[in-house]
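Everything on this sheet refers to the single structure shown next.
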Amino acid sequence: MALIVQKYGGTSVGTPERMRSVARRVANFRAQGHRVVVVVSAMSGETNRLIELARAVAPSPRTRELDVVVSTGEQVSIGLLCMALDDLGVPARSYTGAQVRILTDSTHTRARILDIDAAPIRKDLDAGGVVVVAGFQGVDAHGNITTLGRGGSDTTAVALAAALEADECQIYTDVDGVYTADPRVVPEARKLDAVRFEEMLELASLGSKVLQIRAVEFAAKYKVKLRVLSSFEEDPGEGTFITVEESSNMERPVISGIAFVRDEAKLTLTGVPDRPGIAYQILGPIADAGIDVGMIIQNAPRDGSTDLSFTVARADLARAVKVLEGVQAHVGARSIESDDTMCKVSVVGVGMRSHPGVAAKMFRTLAEEGINIQMITSSEIRISVAIEEKHLERAVRALHKAYGLDVAAE
């Protein structure tokens, strides 16, 4: 008998029939003798509806009150799933984040989990029931409702699995695992039987939408066994197992996957004085404005000045330009240039640590496709390039083929 935490996303519980389907799956696991804790998201589209409703009332609502509103989506889901389980004769009890006491910090709309009181859950499990917990939400030390940000239900599930010392955390979604590339872009993409946490962290941070990056970080830190499966298949199989350790039957490709981010923009400050601290004077205000910076490149100085380029999400471009306009005169930069036609394509794999030529193959492949690389960054297990978005799909397909990802590893 195993203790399993299962998480179901918004599409998995998006209709009454889907909700009943989840209930049947949970009931089957319980019938097999397993103890089950279920974490659910709001029904598909509900969080967006609640945000739009809030902004229709107040264009810039206070984040504390916004959390109060958007957290209700998960409260509906847990109540409905418990009703569906009860209808199947399975005793079930729902808990909001506050009732479980998922303690978070006080950063509304993107809070971080600090602690979980697992005692009430253990008590219900020992009594033979199924526990259904609202994902995406918690409560701070002052009793204020908080939310964890987009994809936060993944983090809730992993955190509960860690607190309960669960045998496995299963993330059920609308895909049946982690693929070598997005199958909508690369029809030949293959599902991976297993992937290492460090690779999954890179893939999640570089555009893969299968798992929230904070959930992967949490799972790696607390060594939670994590598995991604499809909730839309009667028999989801083994899905993709995400692990710290390398198993003997694990695939060993040089590259595990190709990830991409479409909506990127590039900003360049030209004629920046080449002196210590200049990068901080430029990027510090960008960070203070809450804008995440992706790739950063500073050209070699000439005649005492240089150019500094960096990427941001396209949605943040206008704000970033406004910040730079305030910085330009202060640092003595010549001009601000922007390009909102960029995307980022990355190859990820721990195998590149011991295999030379990975970067060269990427650059040669893109050159053969006539695709110009505008920026490059790398880590031990990842190489990312910025290119024009119009070339994205062709680049991803070409790289997928070049690295042999359409062929199963021996």
How large is the charge dipole for the chain, taken about the Cα centre, if only the Cβ atoms of Lys, Arg (+1) and Asp, Glu (-1) carry charge, to the nearest 20 debye?
300
For a protection proxy built on the mean count of beta-carbon atoms within 10 angstrom, sort 213-222, 299-308 highest first, please.
213-222, 299-308
If you stretched the chain out fully between residue 388 and residue 57, how much longer would it get, using 0.36 nm times the residue separation minus the C-alpha to C-alpha distance?
115.3 nm
Work out the charge dipole of segment 47-201 with +1 on the Cβ of Lys and Arg and -1 on the Cβ of Asp and Glu about the Cα centre, then indicate which of 120, 61, 171 is farthest towards its positive end.
61
Karplus ³J(HN,Hα) for segment 208-219 (6.51 cos²θ - 1.76 cosθ + 1.60, θ = phi - 60°; Hz, whole; x = Gly/Pro) runs 5, 9, 5, 9, 6, 4, 5, 5, 5, 4, 4, 5
Rounded to the nearest 0.05, what FRET efficiency do residue 17 and residue 325 give with R0 = 45 Å and r taken as the Cβ-Cβ distance? Could you check?
0.30
Tell me, what ³J(HN,Hα) does each residue in segment 294-309 have, in order and in whole Hz, if you take phi through Karplus 6.51 cos²θ - 1.76 cosθ + 1.60 with θ = phi - 60° and put x for Gly and Pro?
x, 7, 9, 9, 10, 6, 4, x, 9, 6, x, 9, 8, 10, 10, 10
Furthest towards positive pole of dipole, 106, 355, 206, structure part the chain, Cβ charges:
106
Could you order 225, 322, 344 so the one with the most accessible surface comes first? Probe is 1.4 Å.
322, 225, 344
For a quick protection proxy, order the peptides 196-203, 254-261 by their average other-Cβ count within 10 Å, most packed first.
254-261, 196-203
Looking at the chain, what % of its DSSP beta bridges pair antiparallel, to the nearest 5?
60
State which entries of 7/209; 225/401; 225/344; 322/361; 123/209; 191/225 exceed 27 angstrom in Cα-Cα distance in the structure shown.
225/401; 225/344; 322/361; 123/209
Work out the charge dipole of segment 255-410 with +1 on the Cβ of Lys and Arg and -1 on the Cβ of Asp and Glu about the Cα centre, then indicate which of 385, 308, 400 is farthest towards its positive end.
400
What FRET efficiency comes out for residue 302 versus residue 353 if R0 is 25 angstrom and r is the Cβ-Cβ distance? Round to the nearest 0.05.
0.10
What residue among 265, 386, 54 has the largest mean-square fluctuation in a Gaussian network model of the chain, using Cα springs under 10 Å?
54
Net lengthening on full extension, residue 99/residue 150 (0.36 nm per residue, minus Cα-Cα):
16.2 nm
HN-Hα J in Hz across segment 312-322 - Karplus 6.51, -1.76, 1.60, θ = phi - 60°, x for Gly and Pro
9, 4, 4, 5, 9, 4, 4, 5, 5, 4, 4
Based on alpha-carbon centroids, what's the gap between segment 136-213 and segment 355-391 in Å, whole number please?
27
Taking the Cα centre as origin and putting +1 on Lys and Arg beta-carbons and -1 on Asp and Glu beta-carbons, what dipole magnitude results for segment 71-224, to the nearest 20 debye?
300
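The values are calculated or read from the model by the stated rules, or taken from the named source; none is laboratory data. In this text the structure is predicted, and so the values were computed from the model without any measurement. Reconstructed Cβ throughout: ideal geometry from the backbone, glycine too, with neighbour counts over all protein chains shown. Areas reflect the complete protein model, heavy atoms only, side chains present, ligands, DNA and RNA absent. Shrake-Rupley method; radii C 1.70, N 1.55, O 1.52, S 1.80 Å.
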